[in-house]
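Please read the structure below before turning to the comments.
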Amino acid sequence: MFDFDHYVPVLKSKSAEYWALRGLPNEIKAKITPLMEIIPVPWDHEKNLPTKTFKKHLDDNINKIEKSWGGRSLFDVYPIFFDFVYVNSEECIDGLHPIKYFFDELRKRGVLGIPTYSYDLDDKFKTEIKNILKEDNRGICLRLNNHDFN
């Protein structure tokens, strides 16, 4: 997919990271592929509740991704890796697995998302990533942890 001089920054899905990506010129975007970790829904500690629904959280991330990385024309759309390591596989949206919902929405907006696979994922995630791989044919990002080498 890319050579030794291509950079893969690991980012949390926070507003500042999206803002930073949005400001990059296309010459730089062509030389990096961010690995965006989708963080859990923020928590309101005073109310002891999530600040928003899980669907709203994913939709907000999708909107930020589209604005910051989705490209401004058909000629400057760049791939981006997504890691759902912090997402619970049981949290469904309209009956869909969260990663399926997320990638379906990315496709509608023309964002070239690539899922991140790790051996720690549960079987539901692994199945959905295989389905995304078959549908998009863009490959996967393989994320290895220290214990994977034992």
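Points worth noting:
- Qualifying residue in the range 62-77 (condition: among the acidic types (Asp, Glu) and more than 25 Å from Tyr7 (Cβ to Cβ)): no
- Here Lys12, Lys47, Lys52, Lys31 are screened, and the one residue that is among the basic types (Lys, Arg), modelled with pLDDT of 90 or more, in contact with an Asp or Glu (Cβ under 9 Å, 6 or more places away or on another chain) and farther than 24 Å from Leu144 by Cβ is Lys52.
- When the range 132-143 is filtered for residues that are open to solvent by 40 Å² or more (accessible area, probe 1.4 Å) and in a loop (DSSP other than H, G, I, E, B), the ones remaining, listed by number, are Asn137, Arg138, Ile140, Arg143.
- Residue in the range 116-131 that is open to solvent by less than 50 Å² (accessible area, probe 1.4 Å) and on the phi > 0 side of the Ramachandran plot present: no
- Just one of the numbered conditions (1) among the hydroxyl-bearing types (Ser, Thr, Tyr); (2) in a loop (DSSP other than H, G, I, E, B); (3) closer than 20 Å to Pro34 by Cβ is not true of Ser89: (3).
The values are calculated or read from the model by the stated rules, or taken from the named source; none is laboratory data. As the structure is a computational prediction, the values presented were derived from the model and not from experiment. When we count neighbours, we look across all protein chains shown, and the Cβ atoms used for this are built from the backbone with ideal geometry, even at glycine. These accessible areas exclude ligands, DNA and RNA; they are computed on the full protein's heavy atoms, side chains included. Shrake-Rupley method; radii C 1.70, N 1.55, O 1.52, S 1.80 Å.
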